[in-house]
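**Q** Sharing a structure, written as structure tokens. Questions coming.
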Amino acid sequence: MKNNNLEDKKLGALLKNELPNAPYNPWFTRTVLNRLPERKRRVAANTEMWVCVIAAVVTLIFGVKFSAESYASDSITVMNLMIFCTYCSLFGALVANVAVPLMKRRVIKKI
């Protein structure tokens, strides 16, 4: 326990020396940041996440259906390939839109 405390003090001193000082303000102290509440996810952020999840599922369903219909047809055209690439790109963008904030939140909690 003492070893961790010593390392914490070393890390605190390092950060204190490396960080720029805040401009003088009688209402602001270094401990203000320690008293700030944790960031909360807004209702809009949760709604956006669920809309993206639903859109990703719908895009996946339509993409698989389109691929099956294209594969069953006698020929595959350039237009079919372009539509398939559009489905894949849209699905990837929707998954990334959901995954990136969740990954950032996990990284921040570990720190």
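**Q** In nanometres, what is the gap between the two model label sites at residue 78 and residue 15, each 7 Å from Cα along Cα-to-Cβ?
**A** 5.7
**Q** Mind listing the phi-derived Karplus ³J(HN,Hα) values for region 73-83, rounded to whole Hz, using 6.51, -1.76 and 1.60 with θ = phi - 60°, and x for any glycine or proline?
**A** Working through the residues one at a time gives 6, 6, 9, 10, 9, 5, 4, 4, 5, 5, 5 Hz.
**Q** Using the Kirkwood formula over every pair of different C-alpha atoms, what hydrodynamic radius in Å results for region 39-103?
**A** Taking every pair of different Cα atoms in region 39-103, averaging 1/r and inverting gives 13.2 Å.
**Q** State the extension gain, in nm to one decimal, for the chain segment bounded by residue 42 and residue 103, taking 0.36 nm per residue of separation less the distance between their alpha-carbons.
**A** Once the chain is fully extended between residue 42 and residue 103, it gains 20.3 nm.
Rule-based calculations on the coordinates, nothing more; no lab input. Model, not experiment: these values are computed from the prediction. Virtual Cβ from ideal backbone geometry, glycine too; neighbours counted across all protein chains shown.
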